[in-house]
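Heads up: the structure comes next, in structure tokens.
Read-outs: derived from the displayed coordinates by stated rules, not from any lab. Computed from a prediction, not measured in an experiment: that's the story for all the values here. Every residue, glycine as well, gets a Cβ built from its backbone with ideal geometry; the counts of neighbours run over all protein chains shown.
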Amino acid sequence: MAVIDVVNLSKAFGPKVVLSNVNLQVEEGESLVVLGGSGTGKTVLLRNIMGLLTPDSGHVAVEGKIIAQLSRKELFEVRQSIGMCFQMAALFDSMTVFENVAFGLRRHHKMTEAEVRARVEECLSMVGMKETEKLKPAELSGGMKRRVGFARAIALKPKILLFDEPTTGLDPVMTDVIGRIILDLKHELGITSITITHDLKSAFEIGDRIALLFRGECIACEAPAAFKVNPHPVIQQFLRGDADGPFLQDPPPPKRKSMSNSKEAHA
Ligand SMILES: Nc1ncnc2c1ncn2[C@@H]1O[C@H](COP(=O)(O)OP(=O)(O)OP(=O)(O)O)[C@@H](O)[C@H]1O
Ligand SMILES: [Mg+2]
């Protein structure tokens, strides 16, 4: 049985169809990466898995439980096994960095204060944020907030982790650090994860399989090696990062003259 089972999931907002019959299965201990252009429904997909949105049709099951059919109490219990790293960090502004990371530990676990402190410090050290534990989120840069959000998501060592662009806005070295932590969690704790990213390098490093959402549909979900050579024109355009091709709904502006030409024009 898949740990996360997305079955014929469709979701629209008014006339705007965002997800259309999406099917995705994530097995225990597997790391799935989801790619897709901006606005293709990646965050909406995660919000359906968390039960923060309800499908129009189809369903999401986590460990065999259909999320939309759960009572509030049952949903709370399922969410306890999921760590979510939100796209916008979603830290509590009135709490310090330390308190933000400690929040879930204090709420869900019967840990002593010393154990909480040790785990918070361990998680903050992993993402290079230990020195900032007394600061408030307003005193942090965007990338620093993201790292704190990541530390908070992994603090509980949940069975399932959902990462919504955990590395966007981070420098390449910190991006690699986060990728390695995700891999370590998978290998050491057998954590099942879905990571949304725009960073192809980390996608290929951390994904056991890679999915691509395009115009509401999942057009591929396969091992990185197969994904790389998938001849689908949208996949190849996405991998090239090229403006020309079927990926964009509207055609791109014509290519500008090269710099050397424009210099000649001024001469
Ligand atoms: N609660 C909502 N109400 C109305 N429309 C929404 C809501 N949530 C998302 N949408 C719309 O659904 C579409 C997909 O949004 P989503 O946030 O999932 O995109 P995304 O793939 O995560 O993009 P990005 O890479 O920019 O984060 C967008 O057009 C967005 O405006
Ligand atoms: Mg998003």
Largest first, please: the extent of the C-alpha atoms of the range 97-190 along each principal axis, to the nearest Å.
36, 34, 19
Counting only other residues whose beta carbon sits under 11 Å from that of F86, what net charge do I get with K and R as +1, D and E as -1?
+2
Would you mind calculating the relative contact order of the range 92-157 from Cα pairs under 8 angstrom and at least 6 residues apart, reporting the percent as a whole number?
50 percent
Which one, P137, P15, P233, has the greatest fluctuation when you compute a Gaussian network model over the chain with C-alpha springs under 10 angstrom?
P15
Hits among lysines - C-alpha to C-alpha of K228 under 18 Å, sequence gap 8 or more where chains match:
K201
All-pairs alpha carbon distance profile, the chain, 10 Å steps from 0, percent:
7, 27, 33, 21, 9, 3, 1, 0
Local electrostatic count, K136, Cβ distance below 14 Å [Lys/Arg +1, Asp/Glu -1]
-2
To the nearest 10 degrees, how steeply does helix 97-108 sit against the main Cα axis of the chain, on a 0 to 90 scale?
60 degrees
Ignoring everything except DSSP H segments at least 4 long, calculate the 222 nm mean residue ellipticity for the chain; use -39,500 (n - 2.57) per segment, divide by total residues, nearest 500.
-11500 deg cm²/dmol
Does anything in the range 206-225 have its amide N under 17 Å from the 7 Å Cα→Cβ label point of H198, and if so which residues?
212-215
Between D164, D199, D93, which gets the highest mean-square fluctuation from a Gaussian network model of the chain, Cα cutoff 10 Å?
D93
What list of ³J(HN,Hα) couplings, whole Hz, do you get for the range 38-52 from phi and the Karplus terms 6.51, -1.76, 1.60, once you set θ to phi - 60° and write x for glycine and proline?
4, x, 8, x, 5, 5, 4, 4, 5, 5, 5, 5, 6, x, 8
Looking at this model, which pairs from K42/K157; K136/K157; K11/K73; K11/K110 are more than 32 angstrom apart at the alpha-carbon?
K11/K110
Antiparallel content of DSSP bridges confined to the chain, in %, to 5
50 percent
Which cross-chain or sequence-distant (5 or more) residues have an amide H under 5 Å from the amide H of F163, H modelled 1.01 Å from N in plane?
C85, I194, T195, I196
